[in-house]
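What follows is one structure encoded as structure tokens, with my remarks underneath.
The values are calculated or read from the model by the stated rules, or taken from the named source; none is laboratory data. All values derive from a computational prediction rather than experimental measurement. In this analysis, Cβ positions are derived from the backbone assuming ideal geometry, glycine residues included, and neighbour counts consider all displayed protein chains. Surface areas here come from the heavy atoms of the whole protein model, side chains and all, with no ligands, DNA or RNA. Shrake-Rupley method; radii C 1.70, N 1.55, O 1.52, S 1.80 Å.
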Amino acid sequence: MPHVVGLAFAIYGIVVAGLFVFSTGFTRYYQHKHESESFATIVTILALTLILATLALTPIDIFLVSSTVDSMTGLKKGWADKDTIYWMTTTVQIVYYGCYGLVAIFSFFFIPFAYFYYEEYDGDEDEEAHTLRDRVMGALKYTSFFVVISLLLFLFGLFVKPSSRPPKLDLDWFEKLLTESNGEKSISFVVACLMVLGMLVFIGYTAPGLSLLPMNMIKGRRRIESENEDVDNRLAVNRERQREIQSRYTGTNKPISTRDQRELDNLDDEERILTRRLRTIQEDQSGLWQKIIKVIRPFEILIGFLLLALTLVVIASIFLTIVDKLTYSVCGKQCGYIISHPDLFNPINFIFVQLSNVFPLDYVFMVLLIVYFFLATMSGVITLGVRFLWVALFRIRKGATMPQGLLFSTILLTLSLLALNYSLTAVVAPGYAHFGSQVYCNYTEGGQRDCSEHMDKIVPCDIYAPTEICTPTITSTLIDRIVVNTPFFGALYYYSQWAFLIIFIFGFIIALFRRPRDNVDMESADADADQYDNEQSGLLENNSSSNRRRTTYG
């Protein structure tokens, strides 16, 4: 194979190593200081690295197919013969299917197993009565449910037949999409099902996170002096209310009523939380970290505005593309709203195409974009918590996240980044993701393509371009194969982008008027006092006259 393949995969290896370091630091930053589990930590790090590495393969895929065409002639380069391109694309395809297969294994086995393995641990139980074997067998018992689901999906994928041929699409490009082995069909179907779940996470967490992350950086945190005064005042009101209730029964033999006793208990809990928060604020007020924050604050604001601008450009690109798909799709929902070539200007696609001429700038931008979507999703998870409908299951906190919370957040991030794979390929930068910077000579003379005197006939590749010149990327082939063979998924993914935009608008409005974050909050709470953190989220967000005491999660 040519040297470009070795260069591309060498850079990919370096980036994957960097993503592994990033995933390790991310996991260590949020995991509980005293309640961590080695196996859960390892699974979290590997799962995050795997899904990030899968997405990071996209620009490598694009670079390889782009390098096969000479942009000055619109023809294949001398080394890019049919056999070389076959082995090059096959290598990338093997890596892709390997990554997707591992993502499915982690989603249906390792992550559930790590979760139930930790749940089987009980520190109060006698060690001999609860051996390692018991924990493994107990975890396998519950994990088997997910394994059965994955096997059913895999078997079902074997029998899914391609949809009937869409009208007016007698193209070699579509012929290749409708041709795949049984193994490819099964893996594609399982990934398609995971993407459906990923769209829910993408809409519920990534959409609001894209506005919350830059807005939080722009607004910063409340002035620590103001927060100190606010907590001090709330503490004074709390103690005055306790004295008022206690004065009703001072010097009398009258027993305290159940209602007043319940309120006193709540006030006592609230006082303890406020006292601890006040002590932490006073410690931070004179600390080095506050001085550092004041120094880097202007840079934080600048980065926040840059990220906000990037967010708005991404949202504009998504909107323009889905409108383009609705208007100019070659066959509508019968083939998942695929368009031959974008007619409306797409700013993100334009940036990618320009950067692709200077490798690895497009690769760097793609990795940064993936990491940004990752951080935006995480911002949504931190703000909203790990939820099932309206029920908060876990809170993600710096240095105080339980292993179950880490594993739950990992599966959410994995699913959201799978959905991002579709969005990047189909709506954020469809032209770049399908053909990169490839062009072709659209002028023939004497049965030969020659644009040496007709440079204006060298045009960007699209699905109508000759397949002997324009090579589609493997990632776009995988995504298009799903939406063409199973139009139901294609239509579902497409309309999910509209839902994404709607939720983003609501999230942007809320983030715009949301008050700055506190300096001392759930994230900065001491892990040793973890039992009080849920009280803090419950008692301080509700009226002190709650009907019952909040319970804590250990």
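State the percentage of accessible surface on segment 370-453 attributable to carbon and sulfur atoms; use a 1.4 Å probe and exclude ligands, DNA and RNA. The partial results should precede the final answer.
On the way: 1490 of 2630 Å².
About 56 percent, which is the carbon plus sulfur part of the accessible surface.
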Backbone HN-Hα couplings from phi across segment 507-513 [Karplus 6.51/-1.76/1.60, Hz, Gly and Pro as x]: x, 5, 5, 5, 5, 5, 9
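Roughly speaking, to the nearest percent, how much of segment 3-146's 1.4 Å accessible area is carbon and sulfur? If you can, show how the numbers build up before the last one.
Values: 4560 of 7050 Å².
Here it works out to 65 percent.
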Under 5 Å, built H, 5+ apart or other chain: amide partners of residue 394: 386
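Which of the pairs 77/185; 325/457; 141/185; 33/219; 185/325; 77/333 have their Cα atoms more than 31 Å apart in this structure?
Working: 77/185 33 Å; 325/457 25 Å; 141/185 29 Å; 33/219 29 Å; 185/325 25 Å; 77/333 37 Å.
Result: 77/185; 77/333 exceed 31 Å.
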HN-Hα J in Hz across segment 474-485 - Karplus 6.51, -1.76, 1.60, θ = phi - 60°, x for Gly and Pro: 5, 4, 5, 5, 5, 5, 5, 5, 5, 6, 7, 6
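What's the Cα-based Rg to Rh of segment 1-86, Rh via Kirkwood? Intermediate results must be reported in sequence, preceding the final value.
Details: Rg = 18.8 Å, Rh = 15.4 Å.
Value, to two decimals: 1.22.
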Dipole axis of segment 290-419 (+1 Lys, Arg; -1 Asp, Glu on Cβ), positive-most option in 370, 409, 331: 409
Sulfur and carbon atoms: percent of accessible area, segment 223-277 [1.4 Å]: 44 percent
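Calculate how large, on average over all directions, the projected area of the Cα convex hull of segment 400-497 is; give the answer in nm² to one decimal. Before the final figure, lay out each step's value.
Details: hull surface 37.9 nm².
Average of the hull's projected areas for segment 400-497 equals 9.5 nm².
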Accessible area expressed per residue, segment 387-439, with surrounding protein chains retained (probe 1.4 Å, Å²): 25 Å²
Packing-based ranking, highest mean first, of 74-83, 393-402 given that Cβ atoms within 10 Å are counted: 393-402, 74-83
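Just the number please: accessible area per residue for segment 333-373, 1.4 Å probe, all protein chains included, in Å².
That works out to 44 Å² for each residue.
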By average C-beta atoms within 10 angstrom, highest first, the peptides 376-384, 249-257, 436-444, 297-305: 376-384, 436-444, 297-305, 249-257
Pairwise centroid distance, computed over Cα atoms, of segment 328-384 with segment 36-102, Å: 17 Å
